[in-house]
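First up is the structure itself, then whatever we jot down about it.
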Amino acid sequence: MGVYAIVLFVLVFILILRGYPVAFTLGGVSVLFCLLMCFLFPEVMRFADFKLLPSRFMGTINSYVLMAVPLFIFMGIMLEKSGLAESLLETMAILFGKFHGGLAISVIVVGALLAASTGIVGATVVTMGLISLPTMLKRGYKPELATGVIASSGTLGQIIPPSVVLVLLADTISSSSRGGVQVDVGSMFQAAILPGMLLVLAYIIYVIIICKKHPEWGPPIPDDEIKEYKKDGFAGKLIKAFVLPLFLIIAVLGSIFAGVASPTEASAVGALGATLLTVIQRKFSFKILNEVMQETMKLTSMVFFILLGATTFTMVFRTLGGDDYLVSLITEANLSPTLFLALVMLILFVAGFFIDFIEIIFIIVPVVTPIFNVLEVDMLWVGVLMAVNLQTSFLTPPFGFSLFYLKGVAPDSISTQQIYKGIIPFIVIQLLFLLTIILFPNLLYVFK
């Protein structure tokens, strides 16, 4: 019967690649497949099995951990409306502007700060694309470098806490594990801090090297413009630009790591903090609040509809013995944990070319987690590796969402080909960084 489970998995994957709605494909095809199995193999699948679905749905909806998802989404969208990103970019541009590639470095640093404040990739890419891309092009930056830096920096919200991806991964791994192996969100956040910081550093080093080799790709800002900007209370602008987002970062992550609040409670702190920052910036209005709430509702509904479809798929897959069948295949093939990890990382990377990270988490992670448990692999390590790998799904054409977001706000002079060419070095950096974490897993436990 495990073979039929694999057929279901392949069928769902093909239909999603064909463009059918993910949530309804996962749930609808699984239900239809289950009905077919009930007729063909009544001794294995029974109509009574459908009674398990409502309780599974309610278990998913009532998940305390997943309550953090809408709150982190709200925090990210509200912070984007606050105007803090503009202040950060202007200030960082002046700080690094006198160096070759200084504007690009400032975009990377701001992307990291926004990632630690929001965790929302789309909002970060769009905001930085609207504000910094015209400025970089006006300064004579090579379009490929400018677009590559903006698109890749926007994806840092995937790996730097508080990240919605890390929340979903932790919950999916824990719910899919056999033998009671649990990965809590707080541990995932702690493990991802240093990798996130090192990835930011890798981006900056690349920009420094490439601008040293090709100075014309990243011209500095003229000294007279820097002096002009610094004349009017630059110290105050600097403090305001950094203190407010750092306040939010400390409030959210600090409360988690200090043990004062759980990640779900910290997400509520973040949502309130982002609202207060918007009030301080004098950008708050009931119209803004209504827009933020509507966007939060849309994104949260999308995530949970896919999750409910994935719950149906997982139930049918396991009832057919798909997880046991895969485990037996791996053990009979004498596949080592290292080789299996390499295979999973390759599958995740290739899948990222075609489908969204949420779909990958809910389809592939529940299937491979029991096998990792049998092979006794550290699931916290695997979770962070998956997060770094999934980060590339935002950058890999043809369906890299960061590329779509950036193209949507880029000037007409910027072609899709330039955006694709600009992102290649950063994809290579991410893959090399993924290999680094595989070779040096202790990087994840520095802050433990």
Query raised in the report: So which residues in the range 74-97 are over 26 Å from Val167 (Cβ atoms) and either in a helix (DSSP H, G or I) or in contact with a strand residue (DSSP E or B) (Cβ under 6 Å, 6 or more places away or on another chain) (or both)?
Result: Glu86, Ser87, Leu89, Glu90, Thr91, Met92, Ala93, Ile94, Leu95, Phe96
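Select, from Lys240, Lys287, the only residue that is surrounded by fewer than 18 Cβ atoms within 10 Å (Cβ to Cβ) and at pLDDT 85 or above. Spell out how you get there, then give the answer.
On the way: Lys240 fails: at pLDDT 85 or above.
Within the list Lys240, Lys287, the selection yields Lys287.
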Query raised in the report: With Gly322, Gly352, Gly309 as the choices, which residue is closer than 25 Å to Ile438 by Cα, touching a residue at least 24 places away in the same chain (Cβ under 8 Å), buried (at least 19 other Cβ atoms within 10 Å of the Cβ) and not β-branched (Val, Ile, Thr)?
Result: Gly352
Query raised in the report: In the range 386-405, which residues are surrounded by fewer than 22 Cβ atoms within 10 Å (Cβ to Cβ), in contact (Cβ under 8 Å) with a residue 12 or more places away in the chain and outside any loop (DSSP other than H, G, I, E, B)?
Result: Phe401
Query raised in the report: Here are some conditions: (1) in contact (Cβ under 8 Å) with a residue 60 or more places away in the chain; (2) in contact with a Leu (Cβ under 9 Å, 6 or more places away or on another chain). Ala85 meets all but one. Which one does it not meet?
Result: (1)
Report summary line: Within the range 54-68, restricting to residues that are part of a helix (DSSP H, G or I) and under 22 Å from the mean Cα position of the chain (by Cα), the one that is surrounded by the fewest Cβ atoms within 10 Å (Cβ to Cβ) is Ile61
Query raised in the report: Got a number for residues in the range 283-306 being under 11 Å from Pro70 (Cα atoms) and of a type in the set (Phe, Trp, Tyr)?
Result: 1
Report summary line: If you go through Ile105, Ile131, Ile173, Ile150, the only one that is part of a helix (DSSP H, G or I), among the aliphatic types (A, V, I, L, M), modelled with pLDDT of 80 or more and over 17 Å from the mean Cα position of the chain (by Cα) is Ile105
Report task. Answer yes or no as to whether Met293 is at pLDDT 90 or above and either part of a helix (DSSP H, G or I) or exposed (fewer than 14 other Cβ atoms within 10 Å of the Cβ) (or both). Result -> yes
Query raised in the report: Could you give every pair whose Cβ atoms fall below 6 Å, whose first residue belongs to the range 2-28 and is without any contact (Cβ under 8 Å) to a residue 60 or more places away in the chain, and whose second residue is surrounded by 13 or more Cβ atoms within 10 Å (Cβ to Cβ), counting only separations of at least 6 or pairs across chains?
Result: Leu15/Thr25
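Which fully enclosed helices (runs of 4 or more DSSP H) of the range 177-284 have 1 or more residues being touching a Gly at 6+ places or on another chain (Cβ under 8 Å) and under 18 Å from Ala104 (Cα atoms)? Let's see the steps before the verdict.
On the way: elements: 185-213, 223-231, 234-249, 263-280.
In the range 177-284, the matching helices (runs of 4 or more DSSP H) lie at 185-213, 223-231.
Listed residues Pro370, Pro366; which is closer than 26 Å to Ile159 by Cα, more than 21 Å from the chain's Cα centre (by Cα) and not hydrophobic (A, V, I, L, M, F, W, C)?
Of Pro370, Pro366, the one residue that is closer than 26 Å to Ile159 by Cα, more than 21 Å from the chain's Cα centre (by Cα) and not hydrophobic (A, V, I, L, M, F, W, C) is Pro370.
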Query - Boolean, Leu71 is touching a Ser or Thr at 6+ places or on another chain (Cβ under 8 Å), part of a helix (DSSP H, G or I) and either within 29 Å of Val303 (Cα to Cα) or touching a residue at least 12 places away in the same chain (Cβ under 8 Å) (or both) - result: yes
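The values are calculated or read from the model by the stated rules, or taken from the named source; none is laboratory data. These numbers come from a predicted model, not from an experiment. A quick note on method: Cβ atoms are made from the backbone with ideal geometry, for glycine too, and the neighbour counts reach across all protein chains shown.
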